[in-house]
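Asker: What follows is a single structure, and I will ask about it in a moment.
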Amino acid sequence: MTDVTEPEVDTSPRPLRTVDAPLASPAATAGLLEVFRRRYLLRLLVRREISARYQGSFLGLLWSYINPLSQFFIYYVVMGVLFGLHKDVENFAIHMFCGIIIVHFFNETFNAGTRSIVRNKALVQKMAMPREMFPVASMLVSGYHVVPQLVIMMIVCVLLGWMPTLAGVVALVTALVIIATVGTAMALLFSAANVFFRDVGNVAAILTNFVRFGVPMIYPYTMVEDKFGQFAQFYLFNPIADAVLLFQKAFWVGTTDHPAATEAAHLPANLWAFSGLAVVVGVILLVIGQMVFSRLENKIPERL
Amino acid sequence: MSGTESIVVDHATKTFTLRYHRTFKQMTVAALRRQDISDTFRAVDDVSFTIEQGESVGLMGLNGSGKSTLLKLINGVMRPEGGSVQTRGRIAGLIATGAGFHPQLTGRENIYLNAAVLGMSEAETKRKFDDIADFAELGKFLDSPVGHYSSGMSSRLGFSVAIHVDSDIFLADEVLAVGDKPFKQKCLQKMQEIRDGGRTLVYVSHAAGSVRRMCDRVIVLEQGKVGFDGDVIEGIKYLRYDSGDETQEELETEDSDLGADI
């Protein structure tokens, strides 16, 4: 009944290809570990994100300075000049800038990370890759923007007679580690949730507002201590607040006339203990974030 | 030493949740009216088969029979919630006409990104870059954003990257649906090279002619289940792609289309 010509099927034996790999599930399962195993891909994604974030904008990368700088001036005028805080706090501008760098790093990680999977849906739906890549790349992109801000900070501090100290460097690194872990953990949790309900993106935006005022940035820590006394301890359970205090220890304290006195007066005595705790909390959050992410991940490609 | 199975699908099941109502308001109203808030749909239902290394398998079935979902399970984009899917070696290929491209990036950047996702190193990509670009025939569009490409161009680029990966398994999902005739022939030729090199090939197509040419086994999916697994000619008969006036006509045009001169 069919007049289709029989195809001339090639019946000669094909060369045997032996594959040395074991039989395994094709879906990547190692989570964050897999992300760091595929550093080349991660690097490409980070580079892509950096160029994509400012694509089609005239000022480009400059926006990542304009935004924190505008915040800096708003807070400086309102809190410093209007509320007169820069009389009570020596070098109030530096004190605040320490907070702005940290808060900006965290908020960028959190916000961009939350949207990262939805934004990269073209890749997520069609390519097999560890999806943790996207939140992690968001964190690294935000971290990349911290570097020039740190350079500005250091130049200003050196002009004010600041000298780097070993404790300062340790404080700086610890603060960045805290924000990187907590930020990545939150980005992981929220990026997966955002796929299911886009409301999550709005929740993230609200939370970033809380972050801005929940750290000793536009007010000194002493104010919290004065107001809450004993309960000021609870304030320090916030890892981001600890990171800001660590930054102030690294930069601000050294620019004041009597660093030892400033530190004693304005920084909590047990800052190191709380910072250690913050690092532990960051790691625990990261583990929880990974666990939740892995559970939700199966449903991500079909829900996008 | 390792065995010879390339793809082992063992009672794999994949269910999709269909959402009727997504917003809070809709869900509340639906709950009050005692309507279902969601429904599920089995795209792949208890599917089992084993493909040996070097086999060339045609995956056929009507639209919505679960072919693409099954390929996604094999390629690792999705995980089955029941049963298991296991593969050996590196996988490359296209799912549903076109790879995951980033619309804002240029063709050149997407080649690097796509190759990296498929597991190629930077050096490997650099070495093969010219081949990939030549095969895709993008010319001056190589440096413009992929979002501006025509569907034919982006699927050409996707196919070109995938085919140049040194993979052990190649998945081809309706690759020929959007390309023009010269490109289709080039693709078929490339896929024959892949098959003849001993790589495993899973080929999804509605074109009976090209399946007959390419494959030595056919698996037919029917509503997520394996309806037929075996000989190519019988598989095509099973699907009735070779009878009925209309389909016959289609088949012939397809056949003449898909490269008698390959």
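The values are calculated or read from the model by the stated rules, or taken from the named source; none is laboratory data. From a predicted model like this one, the values you see are computed outputs, not experimental measurements. Don't worry about glycine lacking a Cβ; one is built from the backbone with ideal geometry, like all the others, and counts go over all protein chains shown.
Asker: Filter segment B:44-97 down to residues that are over 19 Å from A:LYS126 (Cα atoms) and of a type in the set (S, T, N, Q), then give me how many there are.
Answerer: Restricting attention to segment B:44-97, the residues satisfying the condition of being over 19 Å from A:LYS126 (Cα atoms) are B:45-58, B:60-62, B:82-84, B:88.
Subsequent filtering for residues that are of a type in the set (S, T, N, Q) retains B:48, B:50, B:53, B:56, B:84.
Counting residues in segment B:44-97 that are over 19 Å from A:LYS126 (Cα atoms) and of a type in the set (S, T, N, Q) gives 5.
Asker: Got at least one residue in segment B:96-105 being aliphatic (A, V, I, L, M), at pLDDT 90 or above and out of contact with any Phe, Trp or Tyr (no Cβ under 6 Å at 6 or more places or on another chain)? Walk me through how you get there before you give the answer.
Answerer: We begin by selecting, within segment B:96-105, every residue aliphatic (A, V, I, L, M); these are B:96, B:99, B:105.
Of the ones still in play, those that are also at pLDDT 90 or above are none.
No, there is no match, as no residue in segment B:96-105 is aliphatic (A, V, I, L, M), at pLDDT 90 or above and out of contact with any Phe, Trp or Tyr (no Cβ under 6 Å at 6 or more places or on another chain).
Asker: Next question, about the same structure. Does A:LEU59 qualify as being out of contact with any Pro (no Cβ under 7 Å at 6 or more places or on another chain), over 30 Å from B:ARG79 (Cα atoms) and modelled with pLDDT of 85 or more?
Answerer: no
Asker: Inside segment B:17-56, can you point out the residues that are in contact with a helix residue (DSSP H, G or I) (Cβ under 6 Å, 6 or more places away or on another chain) and under 30 Å from A:PRO22 (Cβ atoms)?
Answerer: The first filter runs over segment B:17-56 and keeps only residues in contact with a helix residue (DSSP H, G or I) (Cβ under 6 Å, 6 or more places away or on another chain), leaving B:21, B:37, B:43-44, B:56.
Listed by number, the residues that qualify are B:ALA43, B:VAL44, B:SER56.
Asker: Sticking with this one: For segment A:174-191, indicate whether the set of residues that are at pLDDT 90 or above and loosely packed, with under 14 Cβ neighbours inside 10 Å is non-empty.
Answerer: No: zero hits.
Asker: Same structure, new question: Could you check segment A:92-130 and list, in sequence order, the residues that are within 17 Å of the chain's Cα centre (by Cα) and under 30 Å from B:ILE95 (Cβ atoms)?
Answerer: The answer is A:ALA112, A:GLY113, A:THR114, A:ARG115, A:SER116, A:ILE117.
Asker: Condition check: in contact with a Lys or Arg (Cβ under 7 Å, 6 or more places away or on another chain), closer than 22 Å to A:ARG131 by Cα and part of a helix (DSSP H, G or I). Does A:ASN202 satisfy that? Step through it out loud before you land on a result.
Answerer: Values: in contact with a Lys or Arg (Cβ under 7 Å, 6 or more places away or on another chain): no; closer than 22 Å to A:ARG131 by Cα: yes; part of a helix (DSSP H, G or I): yes.
No: the conditions fail for A:ASN202.
Asker: Can you tell me which residue among B:GLU55, B:GLU109 is in contact with a Lys or Arg (Cβ under 8 Å, 6 or more places away or on another chain) and within 30 Å of B:VAL232 (Cβ to Cβ)? Don't jump to the end; show me each part of the working.
Answerer: Working: B:GLU109 fails: within 30 Å of B:VAL232 (Cβ to Cβ).
Within the list B:GLU55, B:GLU109, the selection yields B:GLU55.
Asker: Does A:PHE228 qualify as being closer than 30 Å to A:VAL77 by Cβ, surrounded by 21 or more Cβ atoms within 10 Å (Cβ to Cβ) and not basic (Lys, Arg)? Spell out how you get there, then give the answer.
Answerer: Values: closer than 30 Å to A:VAL77 by Cβ: yes; surrounded by 21 or more Cβ atoms within 10 Å (Cβ to Cβ): no; not basic (Lys, Arg): yes.
So A:PHE228 fails the test.
Asker: Continuing with the same structure: It is to be established whether one or more residues within segment B:99-115 are in a loop (DSSP other than H, G, I, E, B), more than 8 Å from chain A (Cβ to nearest Cβ) and within 19 Å of B:SER167 (Cβ to Cβ).
Answerer: Looking through segment B:99-115, none of the residues is in a loop (DSSP other than H, G, I, E, B), more than 8 Å from chain A (Cβ to nearest Cβ) and within 19 Å of B:SER167 (Cβ to Cβ).
Asker: Now for a separate question. Of the conditions (1) more than 7 Å from chain A (Cβ to nearest Cβ); (2) in contact (Cβ under 8 Å) with a residue 40 or more places away in the chain; (3) surrounded by fewer than 20 Cβ atoms within 10 Å (Cβ to Cβ), B:MET60 fails just one. Which one is it?
Answerer: (3)
Asker: Which condition from (1) over 11 Å from B:VAL161 (Cα atoms); (2) within 12 Å of another protein chain (Cβ to nearest Cβ); (3) touching a helix residue (DSSP H, G or I) at 6+ places or on another chain (Cβ under 8 Å); (4) not acidic (Asp, Glu) is the one that B:ALA123 breaks?
Answerer: (3)
Asker: A further question on this structure: Taking the condition of being assigned to a helix (DSSP H, G or I), more than 9 Å from chain B (Cβ to nearest Cβ) and of a type outside the set (Phe, Trp, Tyr), how many residues in segment A:16-41 meet it?
Answerer: Let us first name the residues in segment A:16-41 that are assigned to a helix (DSSP H, G or I), namely A:32-37, A:39-41.
Next, from what is left, pick out any that are more than 9 Å from chain B (Cβ to nearest Cβ): A:32-37, A:39.
When the remaining residues are screened for being of a type outside the set (Phe, Trp, Tyr), the result is A:32-35, A:37, A:39.
Total satisfying the criteria: 6.
Asker: Under 6 Å between Cβ atoms, which residue pairs at least 6 apart in sequence (or on different chains) link something in segment A:259-274 that is in contact (Cβ under 8 Å) with a residue 24 or more places away in the chain and over 14 Å from A:GLN248 (Cα atoms) with a partner that is of a type outside the set (Val, Ile, Thr) and not in a helix (DSSP H, G or I)?
Answerer: A:PHE274/A:LEU236
Asker: So B:VAL220 passes all but one of these: (1) part of a helix (DSSP H, G or I); (2) over 19 Å from A:MET127 (Cβ atoms). Which condition number does it fail?
Answerer: So B:VAL220 meets the others, but not (1).
Asker: Right, here's the next one. Answer yes or no: is there a residue in segment B:83-93 that is more than 11 Å from chain A (Cβ to nearest Cβ), in contact (Cβ under 8 Å) with a residue 60 or more places away in the chain and in contact with a strand residue (DSSP E or B) (Cβ under 9 Å, 6 or more places away or on another chain).
Answerer: Initially, segment B:83-93 is screened for residues more than 11 Å from chain A (Cβ to nearest Cβ), giving B:83.
Keeping just the survivors that are in contact (Cβ under 8 Å) with a residue 60 or more places away in the chain gives B:83.
Restricting the remaining residues to those that are in contact with a strand residue (DSSP E or B) (Cβ under 9 Å, 6 or more places away or on another chain) gives B:83.
Checked against the condition, which is being more than 11 Å from chain A (Cβ to nearest Cβ), in contact (Cβ under 8 Å) with a residue 60 or more places away in the chain and in contact with a strand residue (DSSP E or B) (Cβ under 9 Å, 6 or more places away or on another chain), segment B:83-93 yields at least one hit.
Asker: Scan segment B:73-80 and tell me whether some residue there is among the charged types (D, E, K, R), outside any strand (DSSP E or B) and either within 22 Å of A:THR29 (Cβ to Cβ) or facing chain A (nearest Cβ under 10 Å) (or both). It would help to see each step written out before you state the result.
Answerer: Kept after step one, since they are among the charged types (D, E, K, R), are these residues of segment B:73-80: B:79.
With outside any strand (DSSP E or B) added as a condition, the list becomes B:79.
From the residues that got through so far, the ones that are either within 22 Å of A:THR29 (Cβ to Cβ) or facing chain A (nearest Cβ under 10 Å) (or both) too are B:79.
The answer is yes; a qualifying residue exists.
Asker: Quick check on this structure: which one of B:ASP257, B:ASP180 is within 14 Å of chain A (Cβ to nearest Cβ), modelled with pLDDT under 85 and touching a helix residue (DSSP H, G or I) at 6+ places or on another chain (Cβ under 7 Å)? Can you show your working first?
Answerer: Values: B:ASP180 fails: within 14 Å of chain A (Cβ to nearest Cβ).
After applying the criteria, what remains is B:ASP257.
Asker: Residues being assigned to a loop (DSSP other than H, G, I, E, B) and of a type in the set (S, T, N, Q): count how many of those fall in segment A:162-199. Even if it seems obvious, please write down each step before you answer.
Answerer: Filtering segment A:162-199 for residues assigned to a loop (DSSP other than H, G, I, E, B) gives A:162-165, A:197-198.
Filter once more, so that each one left must be of a type in the set (S, T, N, Q): A:165.
The total comes to 1.
Asker: Would segment B:146-154 turn up any residue that is within 12 Å of another protein chain (Cβ to nearest Cβ) and within 17 Å of the chain's Cα centre (by Cα)? Break it down stepwise before answering.
Answerer: Pass one, segment B:146-154, residues within 12 Å of another protein chain (Cβ to nearest Cβ): B:146-147, B:154.
Now drop any that are not within 17 Å of the chain's Cα centre (by Cα), which leaves B:154.
Within segment B:146-154 (the criterion being within 12 Å of another protein chain (Cβ to nearest Cβ) and within 17 Å of the chain's Cα centre (by Cα)), the answer is yes, since at least one residue qualifies.
Asker: Show the residue pairs meeting these rules: Cβ distance below 7 Å; 6+ apart or different chains; first residue within segment A:162-177 and under 18 Å from A:VAL283 (Cα atoms); second residue polar (S, T, N, Q).
Answerer: Sorted first by the residue in segment A:162-177, then by its partner, the pairs are A:THR174/A:SER275.
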